[in-house]
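Some notes on the structure that comes next.
The values are calculated or read from the model by the stated rules, or taken from the named source; none is laboratory data. Keep in mind that this is a model prediction, so the values were computed, not measured. Cβ coordinates were reconstructed from backbone atoms using ideal geometry, including for glycine residues, and neighbour counts include every protein chain displayed.
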Amino acid sequence: MYPSEELIKQIELKYLKLIVGLLRSGKINKNIAKQTANFFLTLLPFNSYEELRGKIKLFTDQYPDFIELDFYSIKCIEEEKTQQLLQRMQSKMHEDDLEGAINLVTES
């Protein structure tokens, strides 16, 4: 499955919030902010959850001040996957396929 546009926007916004905080606190300067922005843009697009995780991990390995982005991406991915599973389960239930709904959980 592909990460949703909303998920990608959330991760981008978190990255930008981290830049603001790190610049304001003096932990990074403008040059580092620009370097991270350029590097971050090279990560796009994210064509799968696994690719998203790998690219964010690569980014935070390169720029440890942004480690919070790694944790945030894990949380967001799990939330989105759970929401997708619940929607699929709900569809099965509306089709009176309770066994199919339950099987979705064991298959994922």
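Of the set (1) in contact with a Ser or Thr (Cβ under 8 Å, 6 or more places away or on another chain); (2) not in a loop (DSSP other than H, G, I, E, B), all apply to I28 but (2). In the set L52, L58, only one residue is out of contact with any helix residue (DSSP H, G or I) (no Cβ under 6 Å at 6 or more places or on another chain) and either at positive phi or surrounded by fewer than 16 Cβ atoms within 10 Å (Cβ to Cβ) (or both); that residue is L58. The numbered conditions (1) within 30 Å of Q35 (Cα to Cα); (2) surrounded by 11 or more Cβ atoms within 10 Å (Cβ to Cβ); (3) not hydroxyl-bearing (S, T, Y) are all true for P64 except (2).
Residue pairs whose Cβ atoms lie under 7 Å apart, sitting 6 or more positions apart in sequence or on different chains, and linking a residue in the stretch 70-94 that is surrounded by 12 or more Cβ atoms within 10 Å (Cβ to Cβ) and modelled with pLDDT under 95 to a partner that is not aliphatic (A, V, I, L, M) and not in a helix (DSSP H, G or I), are L85/S108. Looking at the structure I just gave you, is T42 within 13 Å of Y72 (Cβ to Cβ), of a type in the set (V, I, T) and not in a loop (DSSP other than H, G, I, E, B)? In short, no. Total residues in the stretch 81-106 satisfying the condition of being basic (K, R) and not in a helix (DSSP H, G or I): the figure is 0. Scan the stretch 38-57 and report the pairs whose first residue is charged (D, E, K, R) and whose second residue is modelled with pLDDT of 95 or more and in a helix (DSSP H, G or I), with Cβ atoms within less than 8 Å and a gap of 6+ or a chain change. Going by the 8 Å Cβ cut-off, the qualifying pairs are R53/S73; R53/I74; R53/I77; K55/L43; K57/D70.
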